[in-house]
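Undergrad: Below are the structure tokens for one structure; questions will follow.
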Amino acid sequence: MSKIHLKLYLDNCCFNRPFDDQSQLLVRLETEAKLFIQEQIKNGTFELVWSYILELENDDSPFEQRRESIRSWKQRARTDVDESENLILLAVSYQKIGLKPKDALHVACAVVADADCFITTDRRILNKTIHGIRIVNPIQFLQQYKEMKPDE
């Protein structure tokens, strides 16, 4: 079977989903979907995109275990996006359509990296349409990926 090598950007909300209260069904399902996506990254089915804003936001977390767990994913990333003038201008344009500054930076990093999907659990971001990137939650991504996957 040939593999689809999609480039994926997981934001901090997505990376932190396993640390959220798992008593809600949607949170548990998103957690399982996110963990499956990460397994596929490890297996080489998907490519992970990392960014300076992921690192900065993660470093601000007061929870050491979470910080270390998320930071370990940087080594698996094939693309690492640094701050640039063009990226900042793009992020500012996303703020104008209602994204918060950090969220706008995350989305801009994904677009600059030419990621295929931006995966988040943040409802405010999921409600936005951004030209050049598909914004989905982990469950939606797996549903769409199944449809894209080549036949065995």
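Undergrad: Compute the accessible area per residue over the chain, keeping the other protein chains in place, probe 1.4 Å, unit Å². Mind dumping the intermediate values first?
TA: Numbers: 8250 Å² over 152 residues.
Heavy-atom SASA per residue in the chain reads 54 Å².
Undergrad: How high is the relative contact order of region 14-152, in percent, with contacts defined as C-alpha pairs under 8 Å that are six or more residues apart? Kindly include the intermediate steps, with their values, before the conclusion.
TA: Working: 142 pairs, mean separation 33.8, N = 139.
Averaging sequence separation for qualifying contacts and normalising by length gives 24 percent for region 14-152.
Undergrad: Which residue, chosen from TYR52, ILE130, GLN75, occupies the Cα position most advanced towards the positive end of the dipole of the chain, where the dipole is computed from +1 (Lys, Arg) and -1 (Asp, Glu) charges on Cβ about the Cα centre?
TA: It is ILE130, whose Cα lies furthest towards the positive end.
Undergrad: I've got another one for you. Along the Cα→Cβ direction, 7 angstrom out, place labels at ARG28 and GLN75. What is the inter-label distance in nm?
TA: Once both label points are built, they end up 3.3 nm from each other.
Undergrad: Any idea what the relative contact order of region 1-95 is, in percent, if you count C-alpha pairs under 8 Å spaced at least 6 apart? Don't jump to the answer; show the numbers that get you there.
TA: Details: 78 pairs, mean separation 29.6, N = 95.
In percent, rounded to a whole number, it is 31.
Undergrad: Per DSSP H run of n ≥ 4, the term is -39500 (n - 2.57); total these for the chain, divide by its residue number, and report the mean residue ellipticity at 222 nm rounded to 500 deg cm²/dmol. Display every interim value, and only then the final one.
TA: Numbers: 8 runs with 77 residues, N = 152.
Rounded to the nearest 500, the figure is -14500 deg cm²/dmol.
Undergrad: Another question, if that's okay. Per residue of region 41-46, in order, report the coupling 6.51 cos²θ - 1.76 cosθ + 1.60 (Karplus, θ = phi - 60°) as ³J(HN,Hα) in whole Hz, putting x for Gly and Pro.
TA: 5, 4, 7, x, 6, 10
Undergrad: For labels at TYR52 and GLU68 in the simple 7 Å Cα→Cβ model, what's the distance in nm?
TA: Each label point lies 7 Å from its Cα, and together they span 2.8 nm.
Undergrad: Quick one: how many lysine pairs in the chain have C-alpha atoms under 24 angstrom apart, if they're 8 or more apart or on different chains?
TA: Pairs that pass both the separation and distance tests number 29.
Undergrad: Counting only protein heavy atoms and a 1.4 Å probe, tell me what percentage of the chain's accessible area is made up of carbon and sulfur. Spell out each step's value before the answer.
TA: Numbers: 3940 of 8250 Å².
Ligands and nucleic acids excluded, carbon and sulfur reach 48 percent.
Undergrad: Order these peptides, 18-29, 97-108, by their mean beta-carbon neighbour count within 10 angstrom, highest first. Please report the intermediate quantities before stating the final value.
TA: On the way: 18-29: 12.1, 97-108: 20.0.
Result, highest mean first: 97-108, 18-29.
Undergrad: Sum up the charges of everything whose Cβ sits under 14 Å from the Cβ of ARG67, counting Lys and Arg as +1 and Asp and Glu as -1, but leave ARG67 out.
TA: Values: positive: ARG66, ARG71, LYS74; negative: GLU55, GLU57, ASP59, ASP60, GLU64, GLU68.
Its environment carries a net charge of -3.
The values are calculated or read from the model by the stated rules, or taken from the named source; none is laboratory data. Being a predicted model, the structure only gives us computed values, none of them experimental. FYI the Cβ positions are ideal-geometry reconstructions off the backbone, even for glycines, and counts take in every protein chain you see. Ligands, DNA and RNA are stripped out before the accessible areas are found, and what is left, the full protein with its side chains, is counted by its heavy atoms. Shrake-Rupley method; radii C 1.70, N 1.55, O 1.52, S 1.80 Å.
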